[in-house]
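Here the structure comes first, spelled out in structure tokens, and everything after it is commentary.
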Amino acid sequence: MSTARYCNNCGQKYYPKSYYSYPAFHYQTSDEEKLKYARFHSLGCMNDWLNKNKQAFARLVDEIEYINNNNNNNNNRERA
Ligand SMILES: [Zn+2]
């Protein structure tokens with residue numbers, strides 16, 4: 001399988017395994033994970049894309065926070 005990816009914002013070809021990609025990953029992230037989760041070739045492209053999709057992005061963040069909070073509450077309840 002090719003290790004090239006195309007930036008979701010500008011379409012530029014990039015290589016998450018060999019170069020920077022975004023979202024930025026922790027130092028020890030595996031190549032497999034980078035290839036699976038990288039979406040942008042530059043931080044500028046990621047920010048531009050987030051700005052263009054700010055309504056959907058805000059909804060996504062709120063949704064994830066809601067789910068995380070409920071999971072935490074449930075876990076706390078189970079432990080109590
Ligand atoms: Zn780009």
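So the values come out like this:
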read-out	value
Subset of the stretch 15-62 [over 18 Å from R5 (Cβ atoms) and part of a loop (DSSP other than H, G, I, E, B)]	H26, Y27, Q28, N53
Any pair with Cβ under 8 angstrom, 6 or more apart, that starts in the stretch 7-33 at a residue that is farther than 22 Å from D48 by Cα and ends at one that is in a loop (DSSP other than H, G, I, E, B) and of a type outside the set (S, T, Y)	D31/P16; D31/K17; E33/F25
Single residue of the stretch 38-76 satisfying the filter (closer than 18 Å to P16 by Cβ and touching a helix residue (DSSP H, G or I) at 6+ places or on another chain (Cβ under 8 Å)) that is nearest to the ligand (Cβ to nearest atom)	F40
Residue satisfying all of: in the stretch 1-17; away from the ligand (no atom under 16 Å from the Cβ) and surrounded by 11 or more Cβ atoms within 10 Å (Cβ to Cβ); modelled with the lowest pLDDT among these	K17
Of all residues making up the stretch 1-14, the number that are part of a loop (DSSP other than H, G, I, E, B) and over 13 Å from the mean Cα position of the chain (by Cα)	8
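The values are calculated or read from the model by the stated rules, or taken from the named source; none is laboratory data. What you are looking at is a predicted structure, and each value in this text was computed from that prediction instead of being measured. Positions of Cβ are generated from backbone atoms using ideal geometry, with glycine treated the same way; all protein chains shown enter the neighbour counts.
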